[in-house]
Amino acid sequence: MTQPLFRDDPYLREAEATVLAVTDAGVELDRSLFYAASGGQPADFGSIERGDGSSVPVAGAVYGEDKRRILIQTEAAELAAGDQVLQHLDWDRRYRHMRMHTALHLLSVILPYPVTGGAIGAEEGRLDFDIPDPDLDAERISAEVMVHVDADHAVTTEWITDEELLANPGLVKTMSVKPPVGQGRVRLVRIGDIDLQPCGGTHVARTGEIGLVAVSKIEKKGRLNRRVRLRFIGE
Ligand SMILES: [Zn+2]
């Protein structure tokens, strides 16, 4: 089992770990600094430093089938079970994911419609919505997102049981990505008093950290489906 360090402290950039196993599927550490791809957020990059000071690059991470292990994509032949290592995160890339991920939560507040898909990148993110009235104004949406960025809302997490979540289906905005029930509890992400939803991704601590974003494109993906893209601007 891997302790997901990014879940409790998304600002952690370095962490020690012990190699538990090395297989064709990846390197399993007892604790992972590297976010494993899920929920539309890509896996982290970085490196693993060995005891002799040499390091191997990390090109991603995935969850094992049981969802309790994280398998790190790296040059496995360079590592062995029992090794004590130091993980280094590609922080610039991750921080952009945190900012864009949080911005997409704000977008879902501005557009309170069911979300059918989404993806996060270091330059851009998108959400797909089922929208009954599909006349969307990119400038108005951008301005409303920036109102919530400038309000500098606190972003916090809390946990509820599977039973509590099932009793409150209105918390779930995404139709395509169901929250991971079955572990006994689900993490909720709260943004000020404007948003509360289940999410396992990494977010910034305050919405002001998002910086300048704007809607770059609204695409028609079906009669009642719109893909809204957000981009960082001025960077
Ligand atoms: Zn999230």
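When you scan the stretch 79-97, do you find a residue that is in contact with a His (Cβ under 8 Å, 6 or more places away or on another chain) and at pLDDT 95 or above, even just one? Taking every residue of the stretch 79-97 in turn, none turns out to be in contact with a His (Cβ under 8 Å, 6 or more places away or on another chain) and at pLDDT 95 or above. Can you name every residue in the stretch 57-90 that is crowded, with 17+ Cβ neighbours inside 10 Å, in contact (Cβ under 8 Å) with a residue 60 or more places away in the chain, within 28 Å of residue 183 (Cβ to Cβ) and not aliphatic (A, V, I, L, M)? Selection gives 69, 87. Applying the condition of being of a type outside the set (Asp, Glu) and open to solvent by 40 Å² or more (accessible area, probe 1.4 Å) to the stretch 206-222 and asking which residue is farthest from the ligand (Cβ to nearest atom) yields 220. The set of residues in the stretch 26-55 being small (Gly, Ala, Ser) and within 16 Å of the ligand (Cβ to nearest atom) consists of 36, 37, 38, 39, 40, 43.
Inspection of the stretch 150-159 finds a residue satisfying the criterion of being more than 12 Å from the ligand (Cβ to nearest atom), under 19 Å from residue 10 (Cβ atoms), open to solvent by 40 Å² or more (accessible area, probe 1.4 Å) and more than 19 Å from the chain's Cα centre (by Cα). Kindly evaluate residue 7 against the criterion of being in contact (Cβ under 8 Å) with a residue 24 or more places away in the chain and within 17 Å of residue 81 (Cα to Cα). No, not satisfied. Within the stretch 26-56, track down each residue that is open to solvent by 20 Å² or more (accessible area, probe 1.4 Å) and over 22 Å from the mean Cα position of the chain (by Cα). Passing the criteria: 49, 50, 51, 52, 53, 54, 55. Can you tell me which condition residue 188 does not meet? The list is (1) modelled with pLDDT of 80 or more; (2) in a loop (DSSP other than H, G, I, E, B); (3) under 14 Å from the mean Cα position of the chain (by Cα), and all the others hold. Here residue 188 clears every test but (2). Taking the stretch 1-25 as the range and being under 21 Å from the mean Cα position of the chain (by Cα), more than 15 Å from the ligand (Cβ to nearest atom) and open to solvent by less than 30 Å² (accessible area, probe 1.4 Å) as the test, the residues that pass are 2, 5, 15.
For residue 113, the stated conditions hold: it is within 26 Å of residue 136 (Cβ to Cβ), open to solvent by 40 Å² or more (accessible area, probe 1.4 Å) and among the aromatic types (Phe, Trp, Tyr). Within the stretch 189-205, one or more residues are open to solvent by 40 Å² or more (accessible area, probe 1.4 Å), free of Cβ contacts under 8 Å to residues at least 60 places away in the same chain and away from the ligand (no atom under 15 Å from the Cβ). Is at least one residue of the stretch 178-185 closer than 23 Å to residue 9 by Cβ, at pLDDT 95 or above and of a type outside the set (Asp, Glu)? For the stretch 178-185, residues closer than 23 Å to residue 9 by Cβ, at pLDDT 95 or above and of a type outside the set (Asp, Glu): absent.
The values are calculated or read from the model by the stated rules, or taken from the named source; none is laboratory data. Note that the structure is a prediction, hence the values are computed from the model and not measured. Every residue, glycine among them, receives a Cβ derived from its backbone with ideal geometry; neighbour counts consider all protein chains shown. All accessible areas refer to the heavy atoms of the entire protein, side chains included, with ligands and DNA or RNA removed. Shrake-Rupley method; radii C 1.70, N 1.55, O 1.52, S 1.80 Å.
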